[in-house]
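Please read the structure below before turning to the comments.
The values are calculated or read from the model by the stated rules, or taken from the named source; none is laboratory data. A quick note: this is a predicted structure, and the numbers were derived from the prediction, not measured. Note: ideal-geometry Cβ built from the backbone for every residue, glycine included; neighbour counts use all protein chains shown.
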Amino acid sequence: MSTAQIVLDIVFVVALVCAFSAQMLRWLRVLQREHYEPSSMHRFLGRWSSPQVSSAKVANRSKATRPVTLSHVLVVALLVTVLLRADPAAAVVTIAYGILCPRGLSIKGRTSALQWTRRLTMIAVLATLVALIIATVGAFTVRPWLLALAMVWAVPLLLDLSARALAPYERRQAQGFVDQAVARLKRVSPRIVAITGSYGKTSTKNHLADLLGGADGIVASPRSFNNRAGLSRAINENLADGTRVFIAEMGTYGPGEIADLCSWCPPEIAVVTAIGPVHLERMKSLDVIEKAKFEITDKASTVVVNIDDVRLARWPERLRTSGKRVRTAGSTNAEASVRVIEDHGEWTVLIDGTEVARLTSLRGVQPTNVACAVATALELGVGEGEIADRLARVTIVANRSNVVTATSGVVVIDDTFNANPASAAGALSLLKSLPLSGRRVVVTPGLIELGADQYGENLALARKVAAYGAELVIVGRTNARALRAGYEQAALRFDTRDQAVTWVRSALITGDGVLYLNDLPDHYP
């Protein structure tokens, strides 16, 4: 072998290592942002392979022509070079793919940097070792480059398999923290309230904490610490001696998760806020979602349900038959034990048909979430006569329909943490209700994780924006096609929310209003 050939081989090897590393950094960040769920690898690979098409099934496929991307071009080039046995050319194509693709999926990360945790490091090391073993085996084959090249293209698959292989170990590691949380719960012995729902659970949790906040010994799980690791951490770090009530938010990506949480953090009172298409992409049907949420009622002696929700409206009879105490809540359903009714900025609170409060200080919150919180507070011993005074403590949850006026005079609604059809409709109604003299603008990437409903829901969202006379500004490409189709007018589109914010600050003036509806991290296209 000539010196020139050796040098060329070394250059190719170094370049392939760089390409493999670039792919690892990109996809490790996706895996971490998706809570180490192995299946997220193929979902996001699909999103980035055809970024302008929703993951939903589109009724008219002729309208959903997939755009040609750099990834597509390089895949075709790889196949051609492999078939022609042009291995050096295949290596060049692979290096280009590894370093450049998917276009827009940043190595460094714009909204979230990679955190080299113990778990992430173990997955990265295992995936790299597997890649090295396969590439080494390939060195003894007829075409030694091929398996080395394949490892660059197979990074998402390697991470998927590595995360699955390490999952039992991670569960055993997490069990130690769960055991510690169980011991602390046993020692402190608080009353436990568990809250779940497709949406509204974080707001309801915070509203309940506000209603109980006048007394010591009230602890709520922070932020969205609503899975096994987060809940055990919340207990271990925050549950001090003397805690009387612990409010636990419980989330789920599928059946069995909430049942597992309740097995070691058993609630006295379970609260269910809504059943909707959030996580429909993972759980496939509303029936599966409902079944997963129902698990929270198993250990509870008392259940609070929002019967404005048509599915939850069927639960009380079933629960009472099984011996549960049920307190119903809602806004529009006249049969609800606790009703919070909003009418042109005036809020009325009814308990068993009797008005106990009338106020105007609850703007920016959802009536059903407040109703669920009030119903739960009653079950915890707060008197009906105290409810009116305590409602004054209820505050807007950060990034959920917060209304402020910027120094420019533009009215801003921050609804970036809401990402479901119901909250989106509420935020649009709020924008419409504002007494603005100028333009109304909606900045949004659309709604996600809605499975087969995603295209249709974003189509409906854009149509509602148009019907309200608002301008639509699209962020990213994930739902751009559906939003443009629904809006049926010229809509601005920016790759990032920062670009959209810059445009808003330059284009809007006093008397205008803008709604920032949902926000996606940059591992979404």
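Quick rundown of the values:
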{"quantity": "Search result, residues across the stretch 228-261 that are farther than 20 Å from N420 by Cα and either in contact with an Asp or Glu (Cβ under 6 Å, 6 or more places away or on another chain) or of a type in the set (S, T, N, Q) (or both)", "calculated": "S232, N236, N238, T243, I258, A259"}
{"quantity": "Test for E295: is it touching a Pro at 6+ places or on another chain (Cβ under 8 Å), crowded, with 17+ Cβ neighbours inside 10 Å and in a helix (DSSP H, G or I)", "calculated": "yes"}
{"quantity": "Unmet criterion (only one of (1) farther than 20 Å from E249 by Cβ; (2) free of Cβ contacts under 8 Å to residues at least 24 places away in the same chain; (3) part of a helix (DSSP H, G or I)) for L350", "calculated": "(3)"}
{"quantity": "Residue list for the stretch 425-444, filter: touching a helix residue (DSSP H, G or I) at 6+ places or on another chain (Cβ under 6 Å) and aliphatic (A, V, I, L, M)", "calculated": "L428, V442, V443"}
{"quantity": "Residue in the stretch 370-385 that is in contact (Cβ under 8 Å) with a residue 60 or more places away in the chain, on the phi < 0 side of the Ramachandran plot, assigned to a loop (DSSP other than H, G, I, E, B) and out of contact with any helix residue (DSSP H, G or I) (no Cβ under 8 Å at 6 or more places or on another chain) present", "calculated": "no"}
{"quantity": "Residue in the stretch 410-422 that is within 26 Å of R191 (Cα to Cα) and in contact with a Leu (Cβ under 8 Å, 6 or more places away or on another chain) present", "calculated": "no"}
{"quantity": "Selection within the stretch 409-468 - touching a Ser or Thr at 6+ places or on another chain (Cβ under 8 Å), in a strand (DSSP E or B) and of a type in the set (V, I, T)", "calculated": "V411, V412, I413"}
{"quantity": "Where a residue in the stretch 411-430 is under 19 Å from H279 (Cα atoms) and its partner, wherever it lies, is at pLDDT below 85 and of a type in the set (A, V, I, L, M), with Cβ under 7 Å and at least six apart", "calculated": "N420/V278"}
{"quantity": "Subset of the stretch 227-250 [surrounded by fewer than 23 Cβ atoms within 10 Å (Cβ to Cβ), under 23 Å from the mean Cα position of the chain (by Cα) and part of a loop (DSSP other than H, G, I, E, B)]", "calculated": "N227"}
{"quantity": "Pair list, Cβ under 6 Å, 6 or more apart: the stretch 85-107 residue of a type in the set (S, T, N, Q), other residue assigned to a helix (DSSP H, G or I)", "calculated": "T94/L149; T94/V152"}
{"quantity": "Residues of the stretch 167-204 classified as in contact (Cβ under 8 Å) with a residue 60 or more places away in the chain and part of a helix (DSSP H, G or I), total", "calculated": "10"}
{"quantity": "Residues of the stretch 37-76 that turn out to be at pLDDT below 70 and surrounded by fewer than 18 Cβ atoms within 10 Å (Cβ to Cβ), as a count", "calculated": "9"}
{"quantity": "Qualifying position, being crowded, with 16+ Cβ neighbours inside 10 Å, out of contact with any Phe, Trp or Tyr (no Cβ under 6 Å at 6 or more places or on another chain) and farther than 17 Å from P38 by Cα, among L120, L149, L126, L158", "calculated": "L149"}
{"quantity": "Exclusive hit being more than 30 Å from D512 (Cβ to Cβ) and within 27 Å of the chain's Cα centre (by Cα), set T395, T348, T332, T376", "calculated": "T376"}
{"quantity": "Every residue from the stretch 429-478 that is more than 26 Å from V68 (Cβ to Cβ) and charged (D, E, K, R)", "calculated": "K432, R439, R440, E449, D453, E457, R463, K464, E471"}
